[in-house]
Amino acid sequence: MTPLLSVRNLTLTQKHRKNWLDKAQIEHFGPIEFDLNRGETLAIIGENGSGKSVLANLLVGAITPTSGTIKLNGEACVLGGHAEHNMKIRMIFQNSNESLNPGITVGSMLQEPLRLNTTLNERERIQKVDDTLRQVGMLRDHKYFYRHMLSDGQRQRVALARALIMEPEVIVADEPFAALDPSVRSQTVNLIMKLQRDLGLGFIFISHNLGIVRHISDRMLVLQHGMVIETGKTETVFNWPRSEYTQRLVASHQSLMPNF
Amino acid sequence: MPMLDIKNLTLEIDTPVGWVKALDRINLTLEKGEVRALVGESGSGKSLIVRAIVGSVPDNWRLTADRLSWKGESLLSMNAEQRRKIMRKEIAVVFQNPQASLDPSATLGDQLEESIPAHLLAGKWFWQRNAERKALASKVLHKVGIKDHQDCLQKFPHEVARDVNHKMMIAMALVSEPELLIADDPTRGMEATTKVQLLKLLTRMNQTKELSILFISHDLLAISSMANTMTVLYCGQTVESGKMKQLRKRPLHPYTKALLDSAPSFRKELPVKSDLSALDGTIPTLQHLPIGCRLGPRCPRAQKECVKVPAVRRIHEHYYSCHYPLHRDKL
Ligand SMILES: Nc1ncnc2c1ncn2[C@@H]1O[C@H](COP(=O)(O)OP(=O)(O)OP(=O)(O)O)[C@@H](O)[C@H]1O
Ligand code: SF4
Ligand SMILES: [Mg+2]
């Protein structure tokens, strides 16, 4: 079976120069390789600055990699430069609060990508907005709302709706649960798992919350200094972590677990 | 007598729709050497309680309480000078946002030395005191787990990683050897390893120095590993409080149960990828508070009676405010 998403040999080399006299420092990221099947979830973990967000940005095409291929359903994507594959691999940003435009209604925000990328007419677009809002558990009337009228959880849903409206096959999310309250977090987790069951959506997320990682992910990818130091089935990684870093992380998490 | 004693603390804020009670008859106590968890969703008023304790409530808000006292003395009837003294020597606070509470224009070293109160320095001459300051500073940095002391002390807040700033804030709070530490969401965004280090440090301070801690967090896993007691807040009301063990084993308030159930790590028997239990809806805004029990519209057990505010009831040391608590199973 062809995997939904197949990433091979993805690398990025960046030059950093503090000022023009300094010798440029070169940072290497990658190579990254993984496969993701339909309906599966991949969790990316690692310390701050280990390259998690770089990876997310590479996957959605916001940064152009130096080398490598990303295949979606076996077809190679054009990389970087907000290419077409953007529509099929969509990103939810770390802080949905700030990424929602406060000056326009939820409805026009959701219509925007449709207007730019499809030939749907106004009525069809509104229909699509209504359907997507329903999909994320909101009401049609919410399209008349502005950002400030929504609660945190509803904002997170709108961010998800905006990612879903182009019918993507993969969603990439950077710490999607960190800012959420416990009950809203459970609602969002449930919603994503339901979309995966119903639509076969692939889900890739970055998180520090090992409890949730263990509960919803099928596989994990552990990054350190821009390199993959460990990857495998989630249960395997939790039970038999191999790298020292992962062992420490898992041990820390376990040490907090209540004894029953 | 509890060290910190808060009874019926109410805080009213003037909003476009009139005065609203952002805190509504909050009760909270802390004994010497106790570690109390204060939990509740975002906007439930946790940080407002901290502001009421430290005395940074704006003048145009209305604050009333039957009791708001520190070691038997009413904080409300003290003058500003007395209060400042307590905040400098006896109570230390780690605020929620380290970046915003550090001074961007001073080095971390200067800020840390600044927070060492004079009474901890024995030297007579300023050079002796300077040396003592340096020694105290590097001792506390070692404690919070910052390795490169010297290097780090020269740096400005923006030049170091976020978690270093975070540890710095904690170092500043601990360097004055306070009796009570109030930590507002100290583990937010921390990876598991750093988090465990911090929890161990606080536990050690609690055991060796009898430091009392008010630990505010969303992170139930972290909090339940170290707290003795817990107070649960919903929408500005205390809904349940008692011994951590007791609350975890047998919550009486529907909200506490929902909160505990929302953490997958607490539920060993939970099959992977199964739905997490969650209350419907979200916490209401201050402008749209429901009357009566504020959980009402989201509560699976709500009935007609719930439009009246439930009174506080108790079973031994376990307090709850609910008309239909979970131990009364027949509805
Ligand atoms: N300066 C202010 N003016 C008006 N309302 C305020 C102000 N500060 C806080 N509030 C309101 O008071 C309520 C409680 O806020 P508080 O900051 O105590 O929440 P919290 O429990 O600390 O949440 P979090 O977990 O997100 O830190 C919120 O509804 C908030 O909107
Ligand atoms: S008082 Fe009523 S609405 Fe409030 S928590 Fe209890 S049962 Fe639910
Ligand atoms: Mg707060």
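The values are calculated or read from the model by the stated rules, or taken from the named source; none is laboratory data. Keep in mind that what you see is a predicted model, and the values were worked out from it rather than measured. With ideal geometry, Cβ positions are generated from the backbone for all residues, glycine too; neighbour counts draw on all protein chains shown.
On inspection, B:Gln287 passes the criterion of being farther than 29 Å from B:Leu221 by Cβ and within 16 Å of ligand 1 (Cβ to nearest atom). Only one of the listed residues (B:Leu295, B:Leu286) is within 16 Å of ligand 3 (Cβ to nearest atom), closer than 20 Å to B:Arg25 by Cβ and within 14 Å of chain A (Cβ to nearest Cβ). That residue is B:Leu286.
Annotation note: of B:Pro325, B:Pro300, B:Pro254, the sole residue that is outside the structural domain of B:Leu38 (by TED's automatic domain parsing) and within 9 Å of ligand 2 (Cβ to nearest atom) is B:Pro325.
Here's the yes/no breakdown for (1) more than 15 Å from the chain's Cα centre (by Cα); (2) loosely packed, with under 13 Cβ neighbours inside 10 Å; (3) at pLDDT below 90:
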position: A:Thr11; (1), (2), (3): yes, no, no
position: A:Trp20; (1), (2), (3): yes, yes, yes
position: A:Leu36; (1), (2), (3): no, no, no
position: A:Thr41; (1), (2), (3): no, no, no
position: A:Ser50; (1), (2), (3): yes, no, yes
position: A:Val54; (1), (2), (3): no, no, yes
position: A:Val60; (1), (2), (3): no, no, yes
position: A:Gly74; (1), (2), (3): yes, yes, yes
position: A:Gly81; (1), (2), (3): yes, yes, yes
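Here B:Val307 fulfils each of the conditions (1) within 14 Å of chain A (Cβ to nearest Cβ); (2) farther than 30 Å from A:Leu191 by Cα apart from (1).
Here A:Pro241, A:Pro168 are screened, and the one residue that is farther than 17 Å from A:Leu4 by Cβ and touching a helix residue (DSSP H, G or I) at 6+ places or on another chain (Cβ under 9 Å) is A:Pro241. For the range B:110-127, the criterion of a residue being over 15 Å from B:Leu9 (Cα atoms) and touching a Pro at 6+ places or on another chain (Cβ under 6 Å) is satisfied by no position.
Step by step: first the residues of the range B:206-250, then only those that are assigned to a helix (DSSP H, G or I) and among the aliphatic types (A, V, I, L, M), then the one that is nearest to ligand 2 (Cβ to nearest atom). Which residue is that? Don't jump to the end; show me each part of the working.
Pass one, the range B:206-250, residues assigned to a helix (DSSP H, G or I): B:206-209, B:220-226, B:244-249.
Adding the requirement that they be among the aliphatic types (A, V, I, L, M) leaves B:220-223, B:226, B:244, B:247.
Numbers: B:Leu220: 19, B:Leu221: 24, B:Ala222: 26, B:Ile223: 22, B:Met226: 27, B:Met244: 21, B:Leu247: 15 Å.
It comes out as B:Leu247.
Taken over the range A:181-202, residues that are within 14 Å of A:Val136 (Cβ to Cβ) and within 14 Å of another protein chain (Cβ to nearest Cβ) amount to 13.
So, B:Asp14, is that one more than 11 Å from ligand 1 (Cβ to nearest atom) and either assigned by TED's automatic domain parsing to the domain that holds B:Leu202 or at negative phi (or both) or not? Criteria not met by B:Asp14.
Give the residues of the range B:202-213 that are over 18 Å from B:His142 (Cα atoms) and either within 14 Å of chain A (Cβ to nearest Cβ) or among the β-branched types (Val, Ile, Thr) (or both), sorted by residue number. The answer is B:Ile213, and nothing else.
Out of B:Leu279, B:Leu260, B:Leu199, which single residue is surrounded by 17 or more Cβ atoms within 10 Å (Cβ to Cβ), of a type in the set (A, V, I, L, M, F, W, C), within 12 Å of chain A (Cβ to nearest Cβ) and closer than 22 Å to B:Ala171 by Cα?
Residue meeting the stated conditions: B:Leu199.
Taking the stated definitions as given, is A:Asp130 without any contact (Cβ under 8 Å) to a residue 24 or more places away in the chain and surrounded by 15 or more Cβ atoms within 10 Å (Cβ to Cβ)? Yes, satisfied.
Find all pairs meeting these conditions: Cβ atoms under 7 angstrom apart; at least six residues apart or on different chains; first residue within the range A:237-254 and on the phi < 0 side of the Ramachandran plot; second residue part of a helix (DSSP H, G or I) and among the hydroxyl-bearing types (Ser, Thr, Tyr). Within 7 Å, the pairs are A:Val237/A:Thr246; A:Arg248/B:Thr193; A:Leu249/B:Thr193; A:Ser252/B:Thr193. Going through the range B:6-62 one residue at a time, which ones are under 20 Å from the mean Cα position of the chain (by Cα) and basic (Lys, Arg)? B:Lys7, B:Lys21, B:Arg25, B:Lys32, B:Arg36, B:Lys46, B:Arg51 - these are the residues of the range B:6-62 that are under 20 Å from the mean Cα position of the chain (by Cα) and basic (Lys, Arg). Of all residues in the range B:97-139, how many are surrounded by 14 or more Cβ atoms within 10 Å (Cβ to Cβ) and over 23 Å from B:Met87 (Cα atoms)? Selection size over the range B:97-139: 0.
When the residues of the range B:144-178 are narrowed to those that are β-branched (Val, Ile, Thr) and within 14 Å of another protein chain (Cβ to nearest Cβ), which ends up nearest to B:Phe95 (Cα to Cα)?
Initially, the range B:144-178 is screened for residues β-branched (Val, Ile, Thr), giving B:144, B:146, B:160, B:164, B:170, B:175.
Next, only the ones that are within 14 Å of another protein chain (Cβ to nearest Cβ) stay: B:160, B:164.
Details: B:Val160: 18, B:Val164: 15 Å.
Ranking the candidates gives B:Val164 first.
Restricting A:Ser96, A:Ser67, A:Ser6 to those that are modelled with pLDDT under 85 and polar (S, T, N, Q) reduces the list to A:Ser96.
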